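Structure, as structure tokens:
The values are calculated or read from the model by the stated rules, or taken from the named source; none is laboratory data. Model, not experiment: these values are computed from the prediction. Glycine also receives a Cβ, built like all others from the backbone with ideal geometry; neighbour counts cover every protein chain displayed. SASA here: full protein model, heavy atoms, side chains in, ligands and nucleic acids out. Shrake-Rupley method; radii C 1.70, N 1.55, O 1.52, S 1.80 Å.
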Amino acid sequence: MAAIMEANDLTKRYGGTIALDGVNFAVEQGITGLLGPNGAGKSTAIKLFLGLLTPTEGSASVMGERPYENVEVKSRLGYMPEHDCLPDSVTASEFLTHMAQVSGLPPSAARTRAADTLRHVGLDEERYRPIGEYSTGMIQRVKLAQALVHDPVIVMLDEPTAGLDPVGREEMLALIRRTGREFGISIVLSTHLMGDVETTCDRIVVLERGQVVESGEVSGFTQETETIYIEVDGGVESLMSALSERGLDCSPDGYSIAVQGVAGDEYDEIRDALVDSGVRLRRLGPRRHRLTEIFREQR
């Protein structure tokens, strides 16, 4: 599959600080995670691909063009910034309509596009309220909506789950997945949270100290093992007790449980333990290596 974004020996310096140090990677169609700790160079890379910055050396190209040299390619890009950037006193409908008109749509088409986009992100009933009255989750949805309203080919999301509680985070990730897979928009998701990449992205580029340390298909880093992984909403201790009573080898992992060496009738034992403990099951299946474990092992 041809790359839609490419970094070639891409370097960006701020005075004596090197944010990106000669990195090379390609982004294909689909959902790509740009993963790394704070200060790894993720935001700098996004701004270079958006044409907001010019490389010190090397190049950043989008659909074969360098956006810091070719202004026209910018119209095909969407950007959801990490920090708050929305006007408090206007409604989401007014703001999205304005953003659609800025992209070149006439007023009537802009209003329709704004309404459709706000409906997509789950703000249909709230679109006439001033943005200043919105919760953090609603603000994040408006930021995503303004990145989508002009029907871009590629959208870059900088820490889209920042400030969200666990439920809001999952809702945002589900919205991102739906945007990418139902509407065919390619997405670059910049985050320091491995879980966001693991559950949402097809591919991954890992940055650390301005350099690429890993890249490839997410599935290539999360191969199945023989362990069964049970993810539940609360009640971990109750389920652990029920599993142990049935002689199953299990260990906790946050709101999840790993059960070792499951085979044959032991699947029925797991089912019965879930019923007896009364917990709410979210996922059950062959356990996969998690990105955190893989990168920890490599260090």
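Before moving on, here are some points about what is shown:
- Each Lys or Arg adds one and each Asp or Glu takes one away; over the other residues whose Cβ falls under 11 Å from the Cβ of Pro67, this sums to +1.
- Heavy-atom accessible surface of the chain: percent carbon and sulfur, 1.4 Å: 46 percent
- The angle between the Cα long axis of helix 266-277 and the longest principal axis of the Cα atoms of the chain comes to about 80 degrees, rounded to the nearest 10.
- A straight chain from Ala115 to Ala174 at 0.36 nm per residue would run longer than the Cα-Cα distance by 19.2 nm.
- Two-site label geometry, Asp165 and Thr17: point separation in nm, points 7 Å out along Cα→Cβ: 3.4 nm
- Cα-derived Rg over Rh, computed across the chain with Rh taken as Kirkwood radius: 1.03
- Each peptide in 54-60, 146-152 receives the mean, over its residues, of other Cβ atoms within 10 Å, and ordering these scores from highest gives 146-152, 54-60.
- Highest-first arrangement of 123-136, 184-197, 105-118, where packing means the average Cβ count within 10 Å: 184-197, 105-118, 123-136
- Residue-by-residue Karplus 3J(HN,Hα) for the range 204-211, coefficients 6.51, -1.76, 1.60, Hz, glycine and proline x: 9, 10, 9, 9, 8, 6, x, 10
- Distance between modelled label sites at Arg66 and Leu52, nm, 7 Å Cα→Cβ extension: 2.0 nm
- Mean separation of Cα contacts under 8 Å, 6 or more apart, over the residue count of the range 150-263: relative contact order %: 18 percent
- Using alpha-carbon coordinates, inclination of helix 136-148 to the longest axis of the chain, degrees: 50 degrees
- Helical runs assigned H by DSSP (4 residues or longer) give the chain a calculated mean residue ellipticity at 222 nm of -10500 deg cm²/dmol, each run adding -39500 (n - 2.57) before division by the residue total.
- Other residues whose C-beta falls under 12 angstrom from the C-beta of Leu86 contribute a net charge of -2, scoring Lys and Arg +1 and Asp and Glu -1.
- Eligible lysines near Lys47 by straight Cα distance, threshold 16 Å, same-chain separation 8 or greater: Lys12, Lys74
- Ranked by the mean number of other Cβ atoms within 10 Å of their residues, highest first, the peptides 73-79, 230-236, 213-219 fall in the order 73-79, 230-236, 213-219.
- Net dipole in debye of the range 18-168 [+1 Lys, Arg Cβ; -1 Asp, Glu Cβ; about Cα centre; nearest 20]: 260 debye
- Note on the chain: dipole from Cβ charges, positive end direction compared against Leu193, Ser108, Gly163; the farthest Cα belongs to Ser108.
- Once the 1.4 Å probe is applied to the protein heavy atoms, the chain comes out at 49 Å² accessible per residue.
- The mean sequence separation of alpha-carbon pairs under 8 Å and at least six residues apart, normalised by the residue count of the chain, gives a relative contact order of 19 percent.
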